[in-house]
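The values are calculated or read from the model by the stated rules, or taken from the named source; none is laboratory data. All values derive from a computational prediction rather than experimental measurement. Please note: Cβ atoms are built from the backbone with ideal geometry, for glycine as well, and neighbour counts cover all protein chains shown. Remember, those area values only see protein heavy atoms, side chains included, never the ligands or the DNA or RNA. Shrake-Rupley method; radii C 1.70, N 1.55, O 1.52, S 1.80 Å.
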Amino acid sequence: MATAILHRDNVLGHAGPARVWHLDPPALIGGERHPYVCIWIVPSAGHQDAEVVAVASTESGAAAGRSVQRRPGSYTLHGDPDSPEYVDGCHLVALQILGGYTVEAPRPQDES
């Protein structure tokens, strides 16, 4: 089963707060396999609806490659995200579109 684990939350430097997800198996994006994807929500502005953006990324949330071109998992919303549940749902839908990923709870950190 394809799973996504939250790797980093609240990553800055994008058009909205971003999350980096670790994907297992890695997603096929732009003809290459990528183990990380960065997803953020661009707020609506004027006559432009809000948008969920997904791009292949590094572990830190930087775009993998030279572009932040929207990739599978990106889509347009109607209305503004206004609650944590709405934001969580946007990420879940993006991961489903990207490759049928389901969200798995983060693994406990090894405290040794």
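General remarks:
- Picking from residues in the range 33-59 that are out of contact with any His (no Cβ under 8 Å at 6 or more places or on another chain) and charged (D, E, K, R), the one that is modelled with the highest pLDDT is R33.
- Any hit, the range 60-69, residues being touching a Cys at 6+ places or on another chain (Cβ under 6 Å), modelled with pLDDT of 90 or more, farther than 16 Å from I97 by Cα and part of a loop (DSSP other than H, G, I, E, B): yes
- If the condition is being free of Cβ contacts under 8 Å to residues at least 12 places away in the same chain and open to solvent by 50 Å² or more (accessible area, probe 1.4 Å), then the range 14-61 contributes G31, R33, A45, G46, H47, Q48.
- Taking (1) within 18 Å of L95 (Cβ to Cβ); (2) modelled with pLDDT under 90 in turn, P25 satisfies each apart from (2).
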